[in-house]
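A.B. asks: The following block contains the structure, expressed as structure tokens.
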Amino acid sequence: MTLQSGRHCCEATAMENCTYNTMVLQRCRQGGDNRSHLLNMRYEVTGRPCCIGIQGECVMATEDECDFLMGYYHENYTLCSQVNCMQSICGLSDFLDPESPDQFYRIAIALFLHVGIIHCIISITFELLVLPYLETVAGWFRVMIIFMLSGIGGNIVSAFFTPYQPDVGPSGALFGLLAALVIQVAQKWTMWKHPIWELAKLLIFISVLFLIGFLPFVDNFAHFAGFILGLLLSAVFLPYIARRGVDTQEEIEIRKKTKKIFIAVAAPVVLVLFSLFFFLFYLHEDFYCIGCKYFSCIPFTDTFCLDLDTNLRPRQSDLEGL
């Protein structure tokens, strides 16, 4: 290839080599009028577009450099303008609009993904301990609704407050199940020998899990949102409990009326919250809360939450191109 433009020719002595962007080798000569003139030359391009990071950043790099950066190497293209880094990094289905990622289904499928075998074992163990009891009381379909909607709501809230922090796992859904246990204890209040102690044990366990959420790579936003939605959804979908031959007809009627009141109050609140979550997530993409990061990770030391300190502001190169 022959270069005809001297835009990037460096000031150098006659026929001295210089490097531009670590890839293009140019030869320059000093003219008598103290201006640089570009000689016709041939060069070999060794760098290709490499997509790195989680913000769709593209850099020109060799294949080895791209592998070192754990990026996506485009060997068939020569310019960053020819590739869509966000699509390359995200994978799965193609975007309908390349400039606007629209893989909305990720908020649901993330519930079934894990970062490793230990994470997966913890989730399965928790589900094996909690789900059989809840399914016996309410049935698998109602429990599935609580699980899915709590998890989806938790993921939306997490994505809104920490948009550049990758997050997988059913933590929001699991906290929704814990909320269902709280509602279940409340509904069986007169059936427990020591109801206050039963509720206290459950709340202490939940509080410990919330405290663990202040550690790195544990998402307290999903925990909190999943728990609140789990309380509301459980109030709607969990059936009231009556003991035949023990509870009087008057007591049963009171529980029926109480259940109807819970449904009338909780169902609209759930709809409003989900509408609000989707509205904020899709229409307020530029939202940035400075102090919100401390809700998910408290920096006990200078480096404790360092890996989560993602820069959400525009890069300098982006500002220069405006």
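A.B. asks: P(r) for segment 59-172, please, calculated from all Cα pair distances in 10 Å bins and given in %.
C.D. replies: 11, 30, 29, 18, 8, 3, 0
A.B. asks: Go through F147, I241, L271 and say which Cα lies farthest out towards the positive end of the charge dipole of segment 138-274; charges sit on Cβ, +1 for Lys and Arg, -1 for Asp and Glu.
C.D. replies: Highest projection toward the positive end goes to I241.
A.B. asks: How much solvent-accessible surface does L92 expose, in Å² to the nearest 10, with a 1.4 Å probe and all protein chains in place?
C.D. replies: In the full protein context, L92 sits at about 110 Å².
A.B. asks: Could I ask something else about it? On a 1.4 Å probe surface of the protein chains, which of S275, S123 comes out largest in accessible area, and what is the full order?
C.D. replies: Numbers: S275 75, S123 5 Å².
Result of the area sort, largest leading: S275, S123.
A.B. asks: Which value, in Å², gives the accessible area per residue of segment 146-212 when a 1.4 Å probe is used on the protein heavy atoms? The partial results should precede the final answer.
C.D. replies: Numbers: 2890 Å² over 67 residues.
That works out to 43 Å² per residue.
A.B. asks: Something else now. Out of the trypsin sites (Lys or Arg not before Pro) in segment 147-212, which ones are loop residues according to DSSP with at most 12 other C-beta atoms within 10 Å? Numbers along the way, then the final one.
C.D. replies: Details: sites: K188, K193, K201; in loops: K188, K193.
Passing sites in segment 147-212 are K193.
A.B. asks: Could you give the radius of gyration (one decimal) and Dmax (whole number) of the Cα atoms in segment 150-209, in Å?
C.D. replies: When restricted to the Cα atoms of segment 150-209, Rg and Dmax are 14.8, 48 Å.
A.B. asks: Which links in K201/K256; K188/K257; K193/K260; K188/K260 stretch past 23 Å when you go from one Cα to the other? Could you put the intermediate results ahead of the total?
C.D. replies: Values: K201/K256 28 Å; K188/K257 16 Å; K193/K260 27 Å; K188/K260 17 Å.
Too far apart for the 23 Å limit: K201/K256; K193/K260.
A.B. asks: Using only protein heavy atoms and a 1.4 Å probe, report how much of D302 is accessible, in Å² to the nearest 10.
C.D. replies: 150
A.B. asks: Shifting gears a bit: How do H194, H223, H119 stack up against each other in accessible area, from largest to smallest, with a 1.4 angstrom probe?
C.D. replies: Working: H194 110, H223 10, H119 55 Å².
So the residues, ranked largest to smallest area, are H194, H119, H223.
A.B. asks: Give me the accessible area of Y164, 1.4 Å probe, in Å² rounded to the nearest 10.
C.D. replies: 80
A.B. asks: Another question about this same structure. Give the value in nm², to one decimal: projected area of the alpha carbon convex hull of segment 140-290, averaged over all directions.
C.D. replies: Values: hull surface 41.3 nm².
Convex hull of Cα atoms, orientation-averaged projection: 10.3 nm².
The values are calculated or read from the model by the stated rules, or taken from the named source; none is laboratory data. Quick caveat, the model's predicted, so the values are computed rather than measured. Glycine gets a Cβ as well: all are built from the backbone with ideal geometry, and neighbour counts include every protein chain shown. We work out accessible area using only protein heavy atoms, side chains counted, and drop any ligands, DNA or RNA first. Shrake-Rupley method; radii C 1.70, N 1.55, O 1.52, S 1.80 Å.
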